[in-house]
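> Can you read through this structure? Questions will come right after.
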Amino acid sequence: MALLEGFTVLDLSAVGPGSRCTWLLADLGARVIKVAAPESQGRLEPPFHSYGAGRGTEKVRIDLKSDEGREMFLGLAATSDAVVESYRPGVAERLGIGYEAVRARNPRIVYAAVTGYGQDGPSAAWAGHDLNYLGVGGFLACQSPRSDGGPALPGATVADSAGGGMQAAISILAALLRRERTGEGAYLDVSTTEGVLYLMALQIDQHLATGEKAGPGTTLLTGRYACYDVYECRDGKWLSVGAIEGVFFSNLCRSLELDQYAHHQFEDKLQDEIRAAFRAVFTERDRDDWVAELAPLDTCVAPVLAVDEVTSHPQLVARGVLAEAEDPEHGRFKQLGPLVAGSDK
């Protein structure tokens, strides 16, 4: 039995953290009904292959700007367990589908309002996307600079997925658990930017406690030390090295015949020398040859995979991370399957 079997979630989001949240809940077994605007309204809709589409999420089109549409939505909410909306603050209330309107029909409802910056505060009404939330949350400022000196783009929707979507899902699950004990619903003000703060907690808490400011090359996790970095190999592909613990660093130095550095892992004055030595050795062989030799030796070495390589990596294939899906227009296709622990694979 799927963990959330029997629970129904109404999803008013189109893309972004709200849809990341309900995708996760659907993979845990919830019935997710996507409430989409009529096609004539031209609202942004996700690509056919995204957000777990094609494996069970339902869709209904409702004109929430009409009295009939509002009543239709409130009727669905009356028999649902949770609502997820991602409008800017105040929009759901103006449409007549805010928390109070839904609670009047269903006092047990768990209502999650997922926004970029939260329901109040001077930035609450700002429009934004993933990159903006990463900027305000301090994430971008810790990225290695690109050629023009600016922060590198992360290449993944870190804020939408981990900052907003997962934070919203965790809050909803906790609220549903409490409701099972008390019968009380809940209103959840989910700020995607505040979720990014969780991801940046090591750096932020360090600053609050010591006054130190994290940035590229200033801390262990942002490139200060050679033991935590990426290195190019002979074939132009890259290795990730995460040998933080002394034993892993010693194993790595020994395997590369660079034993002279094994006891100097965190000596600042030697970092350029150690990094140069690592670079020179790693360019002697191809990436996958290094992985085959070093990964089994407790060195914290792994390949930097391109997206096409990810989908065929033996570990991930063995774990069954891919699933088949189907779209009425595009037919059958592969996508990432349910990945969260406890999901119904």
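The values are calculated or read from the model by the stated rules, or taken from the named source; none is laboratory data. Just so we're clear, the structure is a prediction, and the values are computed from it rather than from any experiment. Methodologically, a virtual Cβ is constructed for each residue, glycine included, from the backbone with ideal geometry; neighbour enumeration extends over all protein chains shown. These area figures cover heavy atoms from the full protein model, side chains too; ligands, DNA and RNA do not enter into them. Shrake-Rupley method; radii C 1.70, N 1.55, O 1.52, S 1.80 Å.
> Looking at region 113-120, can you tell me whether even one residue there is open to solvent by 40 Å² or more (accessible area, probe 1.4 Å) and touching a strand residue (DSSP E or B) at 6+ places or on another chain (Cβ under 6 Å)?
Yes - at least one qualifying residue is present in region 113-120.
> Based on this model, can you work out whether Gly135 counts as within 30 Å of Ala306 (Cα to Cα), touching a Gly at 6+ places or on another chain (Cβ under 7 Å) and either surrounded by 18 or more Cβ atoms within 10 Å (Cβ to Cβ) or of a type in the set (Gly, Ala, Ser) (or both)?
no
One line per residue, one yes/no per condition, for (1) of a type outside the set (Ser, Thr, Tyr); (2) open to solvent by 70 Å² or more (accessible area, probe 1.4 Å); (3) touching a strand residue (DSSP E or B) at 6+ places or on another chain (Cβ under 7 Å):
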| residue | (1), (2), (3) |
| --- | --- |
| Glu232 | yes, yes, yes |
| Val241 | yes, no, yes |
| Arg254 | yes, yes, no |
| Glu257 | yes, yes, no |
| His263 | yes, yes, no |
| Asp268 | yes, yes, no |
| Glu273 | yes, yes, no |
| Ala276 | yes, no, no |
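> Only one of (1) over 26 Å from the mean Cα position of the chain (by Cα); (2) open to solvent by 70 Å² or more (accessible area, probe 1.4 Å); (3) at pLDDT 95 or above is not met by Ser147, so which one is it?
Evaluating Ser147 over (1) over 26 Å from the mean Cα position of the chain (by Cα); (2) open to solvent by 70 Å² or more (accessible area, probe 1.4 Å); (3) at pLDDT 95 or above leaves (3) as the failure.
> Answer yes if at least one residue in region 25-40 is under 18 Å from the mean Cα position of the chain (by Cα) and surrounded by fewer than 24 Cβ atoms within 10 Å (Cβ to Cβ), and no otherwise.
The answer is yes, given that some residue of region 25-40 is under 18 Å from the mean Cα position of the chain (by Cα) and surrounded by fewer than 24 Cβ atoms within 10 Å (Cβ to Cβ).
> Hey, another quick one. Show the residue pairs meeting these rules: Cβ distance below 7 Å; 6+ apart or different chains; first residue within region 299-313 and farther than 22 Å from Ala243 by Cα; second residue part of a strand (DSSP E or B).
What qualifies is Thr311/Leu322.
> Show the residue pairs meeting these rules: Cβ distance below 6 Å; 6+ apart or different chains; first residue within region 233-244 and in contact (Cβ under 8 Å) with a residue 24 or more places away in the chain; second residue part of a loop (DSSP other than H, G, I, E, B) and open to solvent by 60 Å² or more (accessible area, probe 1.4 Å).
Arg234/Thr283; Arg234/Arg285
> Kindly indicate whether Leu336 is farther than 30 Å from Cys227 by Cβ and either in contact (Cβ under 8 Å) with a residue 24 or more places away in the chain or of a type outside the set (Val, Ile, Thr) (or both).
Taking the combined requirement at face value, the residue satisfies it.
> With respect to Leu140, determine if the residue is surrounded by fewer than 21 Cβ atoms within 10 Å (Cβ to Cβ), touching a strand residue (DSSP E or B) at 6+ places or on another chain (Cβ under 8 Å) and either at negative phi or modelled with pLDDT of 95 or more (or both).
yes
> Can you run down the residue pairs with Cβ atoms below 6 Å, 6 or more apart or on separate chains, where the first is in region 111-134 and in contact (Cβ under 8 Å) with a residue 24 or more places away in the chain and the partner is open to solvent by 20 Å² or more (accessible area, probe 1.4 Å) and among the small types (Gly, Ala, Ser)?
Hits for this filter: Val114/Ser86; Gly116/Gly128; Tyr117/Ser123.
> Does any residue of region 323-345 turn out to be open to solvent by 50 Å² or more (accessible area, probe 1.4 Å), of a type outside the set (Val, Ile, Thr), modelled with pLDDT under 95 and touching a helix residue (DSSP H, G or I) at 6+ places or on another chain (Cβ under 8 Å)?
Among the residues of region 323-345, at least one is open to solvent by 50 Å² or more (accessible area, probe 1.4 Å), of a type outside the set (Val, Ile, Thr), modelled with pLDDT under 95 and touching a helix residue (DSSP H, G or I) at 6+ places or on another chain (Cβ under 8 Å), which makes the answer yes.
> In region 152-169, which residue that is more than 14 Å from Val196 (Cβ to Cβ) and either in contact with a helix residue (DSSP H, G or I) (Cβ under 9 Å, 6 or more places away or on another chain) or of a type in the set (D, E, K, R) (or both) is most open to solvent (accessible area, probe 1.4 Å)?
Only one residue fits best here, namely Leu153.
> Next question, about the same structure. Which residue pairs have Cβ atoms closer than 6 Å, lie 6 or more positions apart in sequence or on different chains, and pair a first residue in region 268-280 that is under 15 Å from Arg234 (Cα atoms) with a second residue that is not in a helix (DSSP H, G or I)?
Ala277/Leu258; Phe278/Ala226; Phe278/Tyr231; Arg279/Tyr231
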